Amino acid sequence: MRIHSFVAAGFAAAIVGSVSTACFAGGLYATDRGVRPLGRGGAFVAGADDLGAIAYNPAGIFDAGDSILIDANLVLFSSTYARQALLRQVDPNSGETVATYEQTFDPVNGSGAPLPIPTLAGAFSPHPDWRIAFGAYAPNAVLPTYPEKLENGSAAPQRYSLVTLDGSLLVVIGGYVAWRPVEELRLGLGVEVMTGAFTSRTYLSGCLPERFFCAPEDPAWDVAGEISAAPIIAPSGNLGAIWEFSPGWRAGASFHLPYWIDAPATIRTRLPSSPVFRNSTQEGEDASLSFKLPWEVRIGVEMRDLVPGLRIEVGADYHHWAIHDAITVTPDGIALTNLPGFPKEYLLPDITIQRNFQSTVAGRIGAEYAIKASADVTVTPRAGFSYETSAVPQESLTVLTLDAGKATPSVGASLQYQDARFDLVYAHQFYPAVTVPIDEARIEQTVPLSANPSKEPDYVNAGYYSWNVDVVGVGFTYTFDKPKPAHAIPDDDDLPPVKPPPKVEPKPEVEEVAEPEPEAEPEPTPEPLKPEPKKPGGKKR
């Protein structure tokens with residue numbers, strides 16, 4: 001069987017959309033990321049105080065202290081799809097539809113490889129009021145796989161939407177800084193880049209009823225292909241603030257920029273087995289893909305320690321999925337040659353594929369209660385709940401872009417021993433089963449050779465969808481040093497060492513020589529007494 005490099009722009013656009021829906025909210029995005037934040041229902045904006053804050057509110061990394069964080073979530077996914085389709089009987093002479101029939105195919109089951117989805121981060125403080133962090137995390141995404149053939153050997157009915165996403169690996173790497181200008185306020189900023197590789201396998205059709213005598217879903221006219229987009233380098237960033245506006249009350253807000261994706265791609269395909277393609281070849285296999293992923297806003301208010309140990313946060317967020325309105329595919333000199341009914345060299349043009357996503361809103365609540373078990377041990381149970389609307393309109397739902405309004409309860413706990421903390425989480429998503437009526441389905445089978453839209457396109461996404469998502473996760477955090485209050489008296493350990501007084505050398509003792517006592521002056525010799533002179537005059541007679 002011959003393998004050709006058949007890079008059809010329509011084919012690329014049909015399956016590269018799974019890059020977006022396999023990454024973030026909406027589509028195949030599963031749940032909020034992180035172990036402790038997910039245990040709080042994603043309500044981790046005002047109360048962000050560990051390195052899980054890099055994905056929620058970078059201002060929170062200040063309160064993480066000098067620390068490291070390692071965690072991983074395991075996403076368990078399963079789905080069932082029973083496709084319905086409208087079959088048309090076409091007059092081969094006029095090309096007009098003369099009859100239509102509804103057909104229900106055998107159901108197919110999808111599953112996702114249980115791969116751990118990690119977060120790695122570390123932070124240090126160059127100054128008491130500044131903290132710098134570096135981190136890497138992967139989106140909580142599902143990489144589903146569906147069969148190519150049913151047990152009876154017939155072609156799987158969902159093959160025009162997706163076969164598998166196995167082999168994809170995407171990660172967000174970032175650097176973050178947080179600043180405390182005053183005791184009650186934290187500000188944060190992050191610069192991020194999403195990088196990695198993406199691989200997808202799917203089918204499209206080489207049938208053109210107006211030019212060839214064929215049926216749109218005849219397996220003999222199927223084109224099986226694989227797209228590899230690498231390297232993906234998509235810049236982005238986030239910023240946030242946390243304000244303790246009253247003792248025991250904190251408000252937080254954050255904003256995440258869109259991801260701008262413009263990546264080179266290579267697509268390898270197997271041309272149809274129909275004799276029409278026997279002598280056809282494809283020259284070139286390179287193309288570029290460009291589209292945008294949504295920006296988002298998160299807000300939250302947390303009550304902290306008004307009851308000692310109890311924290312409750314209520315939050316909401318908005319994801320602007322409406323920005324993901326189209327995918328642009330630019331072939332790089334790709335030409336199909338020797339195809340009957342076409343020029344000898346048919347150059348594939350640029351194609352813009354409409355996506356028609358819609359923005360989503362979510363509400364969240366989370367709580368945790370720290371219980372002091374001993375002087376060194378603290379146990380903290382937590383629980384959360386969130387509800388988010390769908391990014392995918394019902395008429396555009398496929399096995400590639402499974403999404404609906406979803407409710408996600410979660411429970412978790414932490415065990416802290418001195419400066420080390422161990423986290424656990426479990427979450428389950430409740431989705432409604434969705435039925436896309438045949439007359440409402442709007443995802444057309446991709447026919448890359450078609451220059452003009454078909455008057456009667458073959459819609460491939462009608463039918464019944466149901467799916468389940470469970471998440472379990474574990475994490476570890478170690479804190480080396482916690483932030484000090486802005487105007488706190490420093491601890492003894494933080495004081496600079498006191499220099500000992502200089503050592504004074506004793507002076508040598510000098511033997512004192514007694515001064516001679518002065519000689520006593522000789523006492524003056526008393527003069528001899530002189531007789532008193534006789535008074536003149538004689539003796540009285």
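The values are calculated or read from the model by the stated rules, or taken from the named source; none is laboratory data. This is a predicted model, so every value here is computed, not measured. Neighbour counts run over all protein chains shown; Cβ positions are idealised from the backbone, glycine included.
Worth pointing out:
- Region 212-261: number of residues that are closer than 30 Å to Val276 by Cβ and not in a strand (DSSP E or B): 10
- Test: residue in region 283-299 that is β-branched (Val, Ile, Thr), at pLDDT below 90 and either in a strand (DSSP E or B) or under 18 Å from the mean Cα position of the chain (by Cα) (or both): no
- Candidates Asp106, Asp71 - the one that is of a type outside the set (Lys, Arg), touching an Asp or Glu at 6+ places or on another chain (Cβ under 9 Å), at pLDDT 90 or above and surrounded by fewer than 16 Cβ atoms within 10 Å (Cβ to Cβ): Asp106
- The listed residue being more than 30 Å from Pro437 (Cβ to Cβ), over 15 Å from the mean Cα position of the chain (by Cα), buried (at least 24 other Cβ atoms within 10 Å of the Cβ) and among the basic types (Lys, Arg), out of Arg36, Arg40: Arg40
- Residue in region 347-365 that is under 24 Å from Gly473 (Cα atoms), assigned to a loop (DSSP other than H, G, I, E, B) and free of Cβ contacts under 8 Å to residues at least 60 places away in the same chain present: no
Each row is one residue, and each column tells you yes or no for (1) modelled with pLDDT of 95 or more; (2) surrounded by fewer than 16 Cβ atoms within 10 Å (Cβ to Cβ); (3) touching a Pro at 6+ places or on another chain (Cβ under 9 Å); (4) of a type in the set (Gly, Ala, Ser).
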{"position": "Gly112", "(1), (2), (3), (4)": "no, no, yes, yes"}
{"position": "Ile117", "(1), (2), (3), (4)": "no, no, yes, no"}
{"position": "Ala121", "(1), (2), (3), (4)": "yes, no, no, yes"}
{"position": "Ser125", "(1), (2), (3), (4)": "yes, no, yes, yes"}
{"position": "Arg131", "(1), (2), (3), (4)": "yes, no, yes, no"}
{"position": "Ala138", "(1), (2), (3), (4)": "no, no, yes, yes"}
{"position": "Val142", "(1), (2), (3), (4)": "no, no, no, no"}
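- For region 300-318, the set of residues classified as touching a Gly at 6+ places or on another chain (Cβ under 7 Å) and either part of a helix (DSSP H, G or I) or not aliphatic (A, V, I, L, M) (or both) consists of Gly300, Glu302, Arg304, Asp305, Arg311, Glu313, Gly315, listed by residue number.
- Per-region count, region 172-198, residues surrounded by 19 or more Cβ atoms within 10 Å (Cβ to Cβ) and farther than 18 Å from Pro58 by Cβ: 2
- Within region 332-346, tally of residues that are within 24 Å of Phe213 (Cβ to Cβ) and part of a loop (DSSP other than H, G, I, E, B): 7
- Just one of the numbered conditions (1) part of a strand (DSSP E or B); (2) at pLDDT below 95 is not true of Asp439: (1).
- Within region 308-329, the residues that satisfy the criterion of being farther than 30 Å from Arg250 by Cα and either under 17 Å from the mean Cα position of the chain (by Cα) or surrounded by fewer than 19 Cβ atoms within 10 Å (Cβ to Cβ) (or both) are Ala322, Ile323, Asp325, Ala326, Thr328.
- Unique residue being modelled with pLDDT under 95, crowded, with 17+ Cβ neighbours inside 10 Å, more than 26 Å from the chain's Cα centre (by Cα) and farther than 30 Å from Thr398 by Cα when the list is Leu348, Leu339: Leu339
- Note on region 366-394: residues that are in a strand (DSSP E or B) and surrounded by fewer than 23 Cβ atoms within 10 Å (Cβ to Cβ) amount to 13.
- Within region 395-433, tally of residues that are crowded, with 17+ Cβ neighbours inside 10 Å and either in contact with a helix residue (DSSP H, G or I) (Cβ under 6 Å, 6 or more places away or on another chain) or outside any strand (DSSP E or B) (or both): 15
- Residue within region 146-161 that is more than 30 Å from Thr97 (Cβ to Cβ) and touching a Leu at 6+ places or on another chain (Cβ under 6 Å) present: no
- Looking across Ile232, Ile242, one residue alone is in contact with a helix residue (DSSP H, G or I) (Cβ under 7 Å, 6 or more places away or on another chain), crowded, with 22+ Cβ neighbours inside 10 Å and at pLDDT 85 or above. It is Ile242.
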